[in-house]
Amino acid sequence: MKQPLIAVEYNGIEVDYCVLCGGIWLDQGELELLLGGAAANRFLGAMREGAQVREQTRRCPICRGAMNKAQTEATPPVLYDCCGRGHGLWFDRHELKLFMQQSAAAPGSEAVARWLNDLFPEETPHS
Amino acid sequence: MWELIRANKRRSVALLLLMLALMLSLGFVIGAALFPVSFNLNYGDPYGRHAYPAMDWLSVLPGGLLGMAVASVIWAVQAMVAYFRGGAILLSLSGAKPIEKADHPRLFNVVEEMTIASSLGKMPRVYVMDDMAMNAFAAGRDPDTACVAVTAGLLARLNRDELQGVVAHEISHIVNRDVLFMTMISIMAGTVVMLSEVVLRMFRHGLHGGNARYRGGKKGGGGAQVIVLVIALVFALLAPLLAQLIYFAVSRKREYLADAGAAVYTRFPGGLAGALEKIGADTHQLVVSKATAPMYIVNPLQGARAFHGFFATHPPLEERIQILRSLAGGVSYAKYQTAYNQVHGKGQLIPQSGLAVAAAPLRAADPGNAAQAGASHNQFREAGDLARNLNGFRFLSCACGARIKLPPAFAMQAVQCPRCHAGVALSAARENAPVTQPSATPRTPPRRRKPASSSAHAPLMAQRNAGAWQSVQCACGAVKNVAPSFEMSQTVCAQCGREIHFM
């Protein structure tokens, strides 16, 4: 059965989490808290680069619009979904893991990755 | 400022009469179009030698009168509803929910403060809309039934001075009795808009509903009926516009006046100016209906952009901010009037009794603002959690430090903490050893249906982790949310009336 996303707050920042698939939603408002208003928009803008990949379309949990596929420039590229209206980003569970290993995908992504590592310590790769 | 109050009462009556006239004419044309009666005045004259072609207009009368009768009944009901239930309707339309002091002490504190500053007889009830956009409005018919509603987004982003400015602006609407007029007009204009939409749909249906050739030999009503149809159409198109126009014509000035009131009550015009700047820069949009949009401190439909046109319900934001910022060396209605004339141009804004009041010195900015700016995370979280509480979320805390917030639609029984994978349960209030259980059970069952008495059940004990929203499950199964600022040692389950004591 489908379940609504639950919110998990850690160190003052929240992430929306799906208990069934382990995917997360990074909300625009939360990114604003983490990075600051202008930086969050820069980050979201840089993360909005499209990618031509076949994967099931996801819908934005805020506006229910179809989200775009996007990927980071690192190798291997991390595929994720982003809302075309800038409401936020969706990472599947394995995508999240990969994203946390990489950084410099976009300005500010280091801070995002650091915070995600904090939130999901057990997923953190030990280097 | 008694002139304003009197003028608003007078305007409310005038509005009612205008609406009556509008409704009556609308009723007449709709009725006439719907129930045409043909008078056969040529009865008994098969050759039509004494035809009365001019009497054709009579055919519209019975239907028209019926329409007028129906319209006046609708008007009466509408007026009563708008007067007695208007505030409640507007609040529920906006999705605002009442909060208690413990839910958001800062907001309550500010409203109390501004109630005293404005010497309003009674503190308005406080409502919060669970929207992250920034806006606020006041509703009600007089200070006794008034309420102030703000969005969670406003609580998340404004510092204390700015919040105070917004609340003072809304309270000043209440003091000036703008709320009466605005509530009435929102409801009444809203109904007219709705009615004419129905009529328009009917016409579209009738006009494009098939070809006259296949409609059968129904005789057309002649010239008079066509004219009636045209008039009805014009009315249906005009009514909402007319209703909006009345609103526009009167609402811009009262926004300036409410700004002036806010400056006087807070003695810190910078607060409201800062709030307006933040609201103007906000990119979130509040979803509201056309009829209620002009009630808000900044019109949500006309956006943050300065909206200068004839249809603007609010003065341009920059102008409001500029006037507030140019108040220096004390605040009074007279000083606001001067600033208004400098920025806006000529025009008498403040009534005589307001101009006579002496200027009060400006106060300094709240020293807590700087600290608050550093804690913007907390403030944002606080407002978000408040909105979640209004929507019936449950709050769990995991030992690892993560807080989990479950939406009401979340149906699973157990949750695993996404961070440490430990199972987290709702903190349940457990039954303690009966402390002072009444020894003798009463012979007759209690008559009250609502078991509000605490003696009915033994009190329950629960662990309290202060500093955040917490949900406690009562033995009856109901969930009680406790606000971070809740400092008392006990509360009561809203469903079964049982006392819950905190350890």
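Miscellaneous remarks
- Area buried, chain A against chain B - accessible surface, total, 1.4 angstrom probe, square angstrom: 2100
- Per-residue surface analysis assigns residue B:325 an accessible area of about 120 Å², computed on protein heavy atoms at 1.4 Å probe radius.
- Each of B:283, B:183 has its accessible area taken with a 1.4 Å probe; listed largest first, they run B:283, B:183.
- Area accessible to solvent at residue A:83, 1.4 Å probe radius, in Å²: 10
- For the residues of A:11-23, the average number of beta carbons from a partner chain within 10 Å of their own beta carbon is 3.
- Between residue B:466 and residue B:237, the C-beta separation translates, for a Förster distance of 45 Å, into a calculated FRET efficiency of about 0.15.
- Formal net charge of residues neighbouring residue B:462 (Cβ-Cβ distance under 10 Å; K, R +1; D, E -1): +3
- Built amide H within the under 5 Å cut-off of residue B:136, gap 5+: B:297, B:298
- Residue pairs, from the table B:253/B:335; A:2/B:480; B:9/B:253, whose Cα atoms sit over 19 Å apart: A:2/B:480
- Applying 1/(1 + (r/R0)^6) with R0 = 25 Å to the Cβ-Cβ distance of residue B:284 and residue B:109 gives a FRET efficiency near 0.45.
- Secondary-structure-derived ellipticity at 222 nm for chain A, considering helices only, amounts to -8500 deg cm²/dmol, per-run term -39500 (n - 2.57) for DSSP H runs with n ≥ 4.
- 13 Å beta-carbon shell around residue B:503, net charge (K/R +1, D/E -1): +2
- Take the Cα of residue B:487, step 7 Å toward its Cβ, do the same at residue B:348, and the gap between the two points is 5.1 nm.
- Proximal aspartates and glutamates relative to residue B:122, as straight alpha-carbon distance under 19 Å, when same-chain residues fewer than 8 apart are discounted: B:100, B:112, B:113, B:142, B:144, B:170, B:178
- Positive-end ranking of B:95, B:60, B:79 along the dipole of the range B:58-117, with charges on Cβ about the Cα centre, is headed by B:60.
- Using a probe of 1.4 Å on the protein chains alone, the accessible area found for residue A:14 is around 10 Å².
- Near the amide H of residue A:36, within less than 5 Å, lie no amide hydrogens of residues on another chain or at least 5 residues away, with H placed in the peptide plane.
- Rounded to the nearest 0.05, the FRET efficiency derived from the C-beta distance between residue B:142 and residue B:413 at R0 = 60 Å is 0.75.
- Accessible-area ranking of B:485, B:172, largest first, probe 1.4 Å: B:485, B:172
- The range A:6-123 shape via C-alpha gyration tensor axes, a/c threshold 1.5: rounded
- Charge tally around residue B:343: other residues with Cβ under 10 Å, Lys/Arg +1 each, Asp/Glu -1 each, net 0.
The values are calculated or read from the model by the stated rules, or taken from the named source; none is laboratory data. Worth saying up front: this structure is predicted, and the values here are computed from it rather than measured. Virtual Cβ from ideal backbone geometry, glycine too; neighbours counted across all protein chains shown. What goes into the accessible areas is simple: the full protein's heavy atoms, side chains included, and nothing from ligands, DNA or RNA. Shrake-Rupley method; radii C 1.70, N 1.55, O 1.52, S 1.80 Å.
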